[in-house]
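Heads up, the thing below is written out as C-alpha cells.
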C-alpha cells in the first residue's frame, strides 16, 4: 500500500489533514505566534534562549543520531534476542541491562515481544525490558548529560536498569497470581506509534554496514529521521523552557516540588505521567524546573515515571497484555520511580 502524503489529502477533509500535521512543529509555531502577538518584547529573548540551548546541545545530537544510525544499519538490535535465553533470573538481568541501553523505539519491539510471549518466554523478563527500555538509550544519555550533567545521566541509567530488575523480579515472584495469569490479549494489537519496521530482529550484525547498499540506505534514513525527530522536540522543549523561566514564578515550583520529603518525590512521579512529552523533550523541562527550585529527587522521579508512562511506551505494553497486567506495569513504574527519587535525593 502506498503511503499517504500531504499532497494526497483533499483540502476539504480537515480531519485527515489534522492527522497528518506534525504536532510538535505545530505547537512550536503556535507558541512563537502567540508570543509575538501577546508579548512581543519577550519574543526575541525567548528565541535567542532556545537557539543557544539547541546549539549547545548540537554536538550531542550529532553524535547520538550517527550512533543510532550505525546500530540500526549494522543490525546490532538483533543482539536483543540474547536477553531471552537461559534461566529466568538471568533473562531478567539481561533484559533490564539491554532495555536500559538499547536505542529502540518502544513500538518497534512489539512484534518481537509478541512472538516471545506466544512461545512461552517468561513475563518477568519481558516486564524488565518494557520498564527499562523507554528510560535510556545512547541518544538520551548524551542529551541528558549535556543538559542536566553527567551524574544525572548516570543516575537515570542506573535507575532504568534498577526499575527493570525491580519489576522483572516482582513479576517472576507473582507469576502464579491472578494478576499475571494468562496475561496476553487474544489478538495482540500490533502498532500504535508508527515507528520502526515490523520485524527488526533477524540475522547477524554486519559491523561494516557500508559494504551493502541497503544498509547504507538504512543508515541514511535512520540518521535523518532521528535528526529531525530530536530537532523538533528539543526546539519545542527549549522554547517551553524559556517560557517557563519567564512566566512561572520560581517560588511556585519550589513550594510544590521543592523540599526533601517523600511526598514531594512521589508527587514528582505522579506529575511525570501526564506532563511528559517524551524522553528528549523532558530534559530541558526538568532543567528549567530544577532552576526554579524543584528537588533533585522529584526531578529524577519525574523523569523515570514519565518515561515509562509516555504514550509510545505505554502503548507497547497495552497492545499485547490484558488491562490488569498493564495496571501492574504502571504500578511498578510509579513505585519504582518514587524509590529511585528517594535514593537520588540522598546521593545527588
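Bear in mind that the values in this text are calculations on the coordinates, not laboratory data. Everything numeric in this text was worked out from a predicted model, so none of it was measured. Backbone-built Cβ (ideal geometry, glycine too); neighbour counts: all protein chains shown.
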Give, as ranges by residue number, the residues of region 211-238 whose backbone N falls under 18 Å from the point 7 Å along Cα→Cβ of residue 247.
-> 235-238
Obtain the nm distance between the two label points defined at residue 212 and residue 15 by a simple spin-label model: each point lies 7 Å from its Cα along the Cα-to-C-beta direction.
-> 4.2 nm
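What list do you get for 70, 329, 247 if you sort them by fewest beta carbons within 10 Å? Don't jump to the answer; show the numbers that get you there.
Numbers: 70 18, 329 22, 247 9.
The fewest-first ordering by Cβ neighbours comes to 247, 70, 329.
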For the peptides 166-179, 50-63, what is the packing order when you average, over each peptide's residues, the other Cβ atoms within 10 Å and list the highest mean first?
-> 166-179, 50-63
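Sort 206-216, 138-148 by packing, meaning the average of other beta carbons within 10 Å per residue, with the highest value first.
Peptide ranking by packing, descending: 138-148, 206-216.
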Which parts of region 231-248 would a label at residue 58 reach, counting a residue when its backbone N lies under 19 Å from a point 7 Å out along Cα-to-Cβ?
-> 231-239
